[in-house]
Amino acid sequence: MAKDKELKNADSGQDTPDQDKPARKATALRKDSTPTIEPIRTVEATTPEPVEAVETEKPKPENARWYAIHTYSGHEAKVSRNILLRADYEGLSHLIVRTFIPEEEEMRVVAGKTRKVKRKLFPGYVFIEMVLDDPTIQLVKSTTGVTGFLSSGNKPISLKENEVRHLEDLKEGKQPPRVEFEKGDIVRVTQGPFAEFTGKIDEVMIDKQKLRVLIELFGRDTPVELAFNEVDKEIADPSRKH
C-alpha cells in the first residue's frame, strides 16, 4: 500500500514530504543571509600645485606695420574687438596682429576730489598692427563702425614704430599722468581763506597734487600753494582780480 501511494504521488507530480525538506531549508538560508558591505574608505584630497600661466606671444610678420583706422566716436572699443574676432574667424589672425586705442591718464577734479581718469588721445581712431593686403583691407573696411583708413590718396599711411611705442607707454602709465592745469592758466580759488580770489598758476606740482598760484594781495603778487581740488579754471575775463 505504501508503495502504491508513492507511485501515485509521483504520477501526479506532487513531491513527497521528504523531497520538500531540502527546498525549504535552502529558502531559509537565502532569507537569513545578508550581504557583507565593505566600509567606505575616505581618501584625503590633495590640492595640486598652481601652475604659472605662460603667455605665448603671437609671432609678428616682418612686413606688419601700424595703421590708423577712423571710426565713429565712442565706438573705438567695439570696433577694435570686432576686427580681432573677424580676423580669427576668417583665418587672418596671423596677418592682423593687434589693435590699440591710444589713451593717457589725466588728473582731474571730480566732485571736489582729485582722481586719475583715462582720456582718449585720438577720439574716433583705432590703431592696428597688420599686414596690408586685399583680404585684410577688405576685412577692416567692412567691419561695422569703420569709416576708413588714415590715407594719403587711396593708400593707407603707416605710422612710425617709435611714435606708437610712446603712446603705449602713456596708456600703461609709464609716463607721468597729465593734469588739466598748466603754468600760466588763470584759476579761481573755491575753498579756504582765498575763496573767490583769482590768480595765475606759477607752478604745477604733480607729485604733491598742488599748484603754486600768484594771487594779488595789497598790490603785489603773493605765491600761495593750493590743492588741485581747491581751484577751478577761470573762463571769465582773466584780467579780473580781487
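Bear in mind that the values in this text are calculations on the coordinates, not laboratory data. Just so it is clear, the structure is predicted and the values come from calculations on it, not from any experiment. Reconstructed Cβ throughout: ideal geometry from the backbone, glycine too, with neighbour counts over all protein chains shown.
Okay, here's what the table says:
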quantity	calculated
Neighbour-count order for Phe127, Phe100, Phe149, fewest beta carbons within 10 angstrom listed first	Phe100, Phe149, Phe127
Cα-projected label distance for Ile137 with Lys210, points at 7 Å along beta-carbon direction, nm	5.8
Karplus (6.51, -1.76, 1.60) ³J(HN,Hα), θ = phi - 60°, over the stretch 75-89, in Hz, Gly and Pro reported as x	9, 4, 5, 5, 4, 4, 5, 5, 4, 5, 5, 5, 4, 5, 5
Two-site FRET efficiency, His166 against Ala77, from Cβ-Cβ distance with R₀ of 25 Å, rounded to 0.05	0.70
Prolate/oblate/rounded label for the stretch 186-233 (Cα gyration tensor, a/c 1.5)	oblate
Long-range HN-HN contacts of Thr190 with modeled amide H, under 5 Å	Glu196, Val231, Asp232
Amide hydrogen neighbours beyond the local backbone of Ile215, cut-off 5 Å, H modeled	Thr222, Val224
Violating pairs (Cα-Cα greater than 29 angstrom) within the set Lys78/Lys233; Lys208/Lys233; Lys78/Lys210; Lys118/Lys210; Lys116/Lys233	Lys78/Lys233; Lys78/Lys210
